[in-house]
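Participant: Dropping a structure here in structure tokens format, bear with me for questions.
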Amino acid sequence: MAKKEAPKPNRPSGIDYHLSPGIPHKKSIFSFDNTVFYNRKNFTILSILTLFGMISLSIHFGVNGDEKFQIDYSKKLWSYYSSLGKDTSALYVPEGNMQLYGGLFDLTAVSLNKLIGQNDEFTPSYHTVRRVLCAVFGFIALLFTSLFAKRIGGWPLAYLTMLLMLLTPRFMGDAMVNPKDIPFAAGYIMTLYFISIYIRQLPKPSLSAIMGIVFGVMIALNTRAGGLLLIVYLFLFTAIYFGRSMYQGHALTTREITLSIAYTMAVGLISYFAGILFWPYALAHPLVNPFKALTEFTHQPITISVLFSGLHSSSSLLPWNYIPEWIIRTIPIFSIVGVFFFFRLLKKRYHDLPFLEIFMLFFTFLFPISYAIYKHSTLHDGWRHFLFVYPSLLLIASLGWILWFTSFSSKYFRFISVILLLGLMSENLYSIITYHPYQYTYFNPLFGGIKKAYGNFETDYWMLSVKEASTWLKNHEKIDKLHKPITITTNGLYPAQVYLSDTSHNLKVTYTRYYERSEKDWDYAIFYSRFIHRDQLLNHTWPPKGTVYTVKADGVPICAVVKRDNREDYLGFQALEKNDAISAMKHFLAALKYDFNNETVSSKLAELYKNQCLYEKAADMALQSLNAFPSNPATMNLLEEIKYEQQKDAQ
């Protein structure tokens, strides 16, 4: 039996700020050995202020388009648990495949709403509960990212990490509105934090470390099947830590090894079953369905059009660099610079860094992305499904900044470095204020910001702007005061129904695809920018004629309120339904006189002219339509048909 060594410390040694040559002697906020400022009490105060700040800001954010499916799922979850499993409707939810998701967030939200007597989902107050709950999970993610930082680099690194997380527009925007990916991110980083503690305490881990892992996995796995990764991480990181310890000569007794294996197996097993407590689909077949769900998520059955790097592509056929490019374009510049500093100083300062925690951060950031690339996973909505890797990346970036500050003795160099960081932080603070409440549409200025991304990448893919559009419509057009029936159509139906539900009984809200707007009868329309072709975004034919209000994020239009002052386009399509082509043509000509850029009307008129062998007029109309919508394949094909018929007729 190997000789037993002295017990190892249960925490990483971290950065020695007192010995680092770059620490200024005068105690100030920038003196990292200033324990008067950097301590648990002040961090607790900062955390409490952060929590209340996030909750108060969350009520400004709108309903996201996916919540239609989640609200339906939450009701089925309530029925399942309140009937003790007799109501099995939650086991199969075809709309959105919601049964594949854990139900922790949605069950908690519906329970809170019932507790305060709210049952009508089509009221803004019902969704306020969901916004607040989302902010709480967002705070949990921030808190445990900062506490993980504290384990690596003490309170100075924890403070910096908290501030940089707060100044990350994308993450903070999602933290208010994303009830799938944010709770998962919270459970993910919480579990990693407690795994770090747990491993260093083996073979006698504390109850708090064990419970921390169990609760972290419970949050993550009861949100998304990807939480299974955390149990794999537990075994993997434990094995790597002990393997490296033995390689370095830290002998372990057979009893220590046996106890460690037994504890880890037990913690993994308990975590697994805690992770499916609020997931009916998993409870139906506990040893099969969680893995089936994970496989489904790798190749999502839902395929949609995605705007990426200036191309409209299928979500199942995206290039390998989809996630990396989204990340590099939308994370703050201070994160990019911090990671650069980390690698720049790694060789010089590796002795300051705990191997286990640094390996954990790199692995938990790189592995999920690499695996998705390898499996050619179906992706959409930017990198929101991978937000859970950002805390790991930010911790590396924060550590890079701290290493940079503490590696140089020149006070002038340190001063310039502090100014650089403050400057980068101020850009993000400005963006968070100016984008509000659309922070999740942020693109960093390194790539030209959202103005450069407009027409090349998705912006408001979640319909958040529909809230502002609906509110403006109620306040400025006084639709609740009108005594005649009013129809409002939109391509963002669910949020519009929520925010227009308390208006006049004469109001009707309908769904219309943007490119079918001329075929439908409506008085006002709310069109958000997703699924509008980039051609029309860039040539400014969207927002369309009749727009009375435009919702913008940092000056970029993301939603339009349209008032219908001319109904000739609709009358033309009505005439076509009656097979009255002559009347339809008259109406379409009148419609184009009002709106020259109505691509649908001009294309339809070109088709009518072609049918009457008026090829020259048909070609002119097709070109007019293509001028408004250059890449419209239907109109391009129509123009080719017109030219062919014209040549055939000439012969």
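Participant: Could you please state how large a percent of the accessible area of the chain is carbon and sulfur, counting protein chains only and using a 1.4 Å probe? Display every interim value, and only then the final one.
Facilitator: Details: 17490 of 28070 Å².
Its accessible area is 62 percent carbon and sulfur atoms.
Participant: Sticking with this one: Starting at the first residue of region 406-412, write each ³J(HN,Hα) from the Karplus equation 6.51 cos²θ - 1.76 cosθ + 1.60 with θ = phi - 60°, in whole Hz, x for Gly and Pro.
Facilitator: Here the 3J(HN,Hα) series is 9, 10, 9, 8, 5, 5, 5 Hz.
Participant: To continue, here is another question. For region 447-495, which GluC sites (Glu not before Pro) pass both filters: DSSP loop (anything but H, G, I, E, B) and at most 12 other C-beta atoms within 10 Å?
Facilitator: Numbers: sites: Glu458, Glu468, Glu477; in loops: Glu458, Glu477.
Passing sites in region 447-495 do not exist.
Participant: So what is the calculated 222 nm ellipticity per residue for the chain, using -39500 (n - 2.57) for each DSSP H run with n of 4 or more, over all residues, to the nearest 500 deg cm²/dmol? It would help to have the intermediate numbers written out before the result.
Facilitator: Details: 25 runs with 377 residues, N = 651.
Dividing the helical sum by the residues of the chain leaves -19000 deg cm²/dmol.
Participant: Trypsin sites (Lys or Arg not before Pro), restricted to region 504-596: which are DSSP loop and have at most 11 other Cβ atoms within 10 Å?
Facilitator: Numbers: sites: Lys508, Arg513, Arg517, Lys520, Arg530, Arg534, Lys545, Lys552, Lys563, Arg564, Arg567, Lys578, Lys586, Lys593; in loops: Arg513, Lys520, Arg530, Lys545, Arg564, Arg567, Lys578.
Taking region 504-596 and a limit of 11 other Cβ atoms within 10 Å, the loop trypsin sites (Lys or Arg not before Pro) found are Lys578.
Participant: As I understand it, the dipole of region 380-521 uses +1 on the Cβ of Lys and Arg and -1 on the Cβ of Asp and Glu, about the Cα centre. Which of His436, Leu464, Val498 lies farthest toward its positive end?
Facilitator: His436
Participant: Going by a ≥ b ≥ c, the root eigenvalues of the Cα gyration tensor, does region 459-503 fall in the rounded group (a/c under 1.5), the prolate group (a/b larger than b/c) or the oblate group? Present the calculation step by step, with values, prior to reporting the outcome.
Facilitator: On the way: a/c = 2.49, a/b = 1.91, b/c = 1.30.
Prolate, because a/c is 1.5 or more and a/b exceeds b/c.
Participant: Tell me the relative contact order for region 335-408 as a rounded percent, counting alpha carbon contacts under 8 Å between residues six or more apart.
Facilitator: On the way: 52 pairs, mean separation 49.3, N = 74.
Rounded, it is 67 percent for region 335-408.
Participant: In addition: Could you go through region 234-244 in sequence order and give the Karplus-derived ³J(HN,Hα) for each residue, using 6.51 cos²θ - 1.76 cosθ + 1.60 with θ = phi - 60°, rounded to whole Hz, and x for Gly and Pro?
Facilitator: Using θ = phi - 60°, the values come out as 4, 5, 5, 5, 5, 5, 5, 5, 6, x, 5 Hz.
Participant: Kindly write out, for region 521-532 in residue order, the coupling ³J(HN,Hα) from the Karplus curve 6.51 cos²θ - 1.76 cosθ + 1.60 (θ = phi - 60°), rounded to whole Hz, with x marking Gly and Pro.
Facilitator: 8, 7, 9, 10, 9, 10, 10, 8, 7, 5, 6, 7
Participant: If you don't mind, another one. Any of Lys75/Lys114; Lys86/Lys114; Lys204/Lys347 with alpha carbons more than 22 Å apart? Name them for me. List each step's numbers first, then the result.
Facilitator: Working: Lys75/Lys114 11 Å; Lys86/Lys114 20 Å; Lys204/Lys347 34 Å.
In this structure, Lys204/Lys347 lie more than 22 Å apart at Cα.
Participant: Show the residues, 5+ positions off or on another chain, whose built amide H is closer than 5 Å to the amide H of Val548.
Facilitator: Val561, Val562, Lys563
Participant: Mind checking the per residue accessible area of region 321-401 for me, 1.4 Å probe, whole number of Å²?
Facilitator: Working: 2770 Å² over 81 residues.
The answer is 34 Å² per residue.
Participant: Further question on the same structure: At q = 0.15, 0.21 Å⁻¹, what is the log10 ratio I(q)/I(0) for region 103-149, with the Debye formula run over Cα points and no solvent?
Facilitator: Log-scaled intensity ratios, in q order: -0.45, -0.70.
Participant: With r as the distance between the Cβ atoms of Gln118 and His436 and R0 = 25 Å, compute the FRET efficiency 1/(1 + (r/R0)^6) and round to 0.05. Walk me through the numbers on the way to the answer.
Facilitator: Numbers: r = 26 Å, r/R0 = 1.03.
That pair, His436 with Gln118, gives E of 0.45.
Participant: When DSSP assigns beta bridges and you keep just the ones with both residues in the chain, what percent turn out antiparallel, to the nearest 5? The partial results should precede the final answer.
Facilitator: Working: 15 of 24 bridges.
Here the antiparallel bridges make up roughly 60 percent for the chain.
Participant: Please list, in chain and number order, the residues 5+ apart from Ile486 or on another chain whose amide H is under 5 Å from its amide H, with Hs placed from the backbone.
Facilitator: Leu507, Lys508
Participant: Give the aspartates and glutamates reachable from Lys586 as a straight Cα distance under 15 Å; neighbours fewer than 8 places away on the same chain don't count.
Facilitator: Qualifying aspartates and glutamates at Cα under 15 Å: Glu568, Asp569, Glu577, Asp595, Glu607.
Participant: Near Lys411, which lysines are there with a Cα under 21 Å away, not counting those fewer than 8 places off in the same chain?
Facilitator: Result set, ordered by chain and number: Lys26, Lys27, Lys348.
Participant: Would you please give the FRET efficiency between Ser309 and His483, computed as 1/(1 + (r/R0)^6) with r the Cβ-Cβ distance and R0 = 45 Å, to the nearest 0.05?
Facilitator: Calculated value: 0.35.
Participant: With only Lys, Arg, Asp and Glu charged, each at its Cβ (+1 for the first two, -1 for the last two), find how big the charge dipole of the chain is about the Cα centre; round to the nearest 20 debye. Could you put the intermediate results ahead of the total?
Facilitator: Values: 60 positive and 46 negative charges, 526 e Å.
About 2520 debye.
Participant: Sticking with this structure for a sec: For Kirkwood radius over Cα pairs in Å, which listed value, (i) 27.5; (ii) 28.4; (iii) 29.2, comes from the coordinates shown?
Facilitator: (i)
Participant: Hey, what angle do you get for helix 40-58 against the long axis of the chain, alpha-carbon based, 0 to 90 degrees rounded to 10?
Facilitator: 10
Participant: Ignoring ligands, DNA and RNA, what accessible area per residue does region 503-651 give at 1.4 Å, in Å²? Mind showing how you got there, number by number?
Facilitator: Details: 7410 Å² over 149 residues.
In whole numbers, region 503-651 has 50 Å² accessible per residue.
Participant: Shifting gears a bit: Do any of Lys180/Lys375; Lys478/Lys578; Lys68/Lys478 go past 32 Å between their Cα atoms, and which?
Facilitator: Working: Lys180/Lys375 22 Å; Lys478/Lys578 35 Å; Lys68/Lys478 27 Å.
The answer is Lys478/Lys578.
Participant: Further question on the same structure: Set Lys and Arg Cβ to +1 and Asp and Glu Cβ to -1, take the dipole of the chain about its Cα centre, and tell me which of Trp522, Leu229, Met585 lies farthest positive.
Facilitator: Leu229
Participant: Using R₀ = 56 Å, calculate the FRET efficiency as 1/(1 + (r/R₀)^6) where r is the Cβ-Cβ separation of Thr35 and Ser79; round to 0.05. Before the final figure, lay out each step's value.
Facilitator: Details: r = 54 Å, r/R0 = 0.96.
After rounding to 0.05, the efficiency reads 0.55.
The values are calculated or read from the model by the stated rules, or taken from the named source; none is laboratory data. Bear in mind the structure is a predicted one, so any value in this text is a computation, not a measurement. Reconstructed Cβ throughout: ideal geometry from the backbone, glycine too, with neighbour counts over all protein chains shown. Keep in mind that these areas ignore ligands, DNA and RNA; they rest on the heavy atoms of the full protein, side chains included. Shrake-Rupley method; radii C 1.70, N 1.55, O 1.52, S 1.80 Å.
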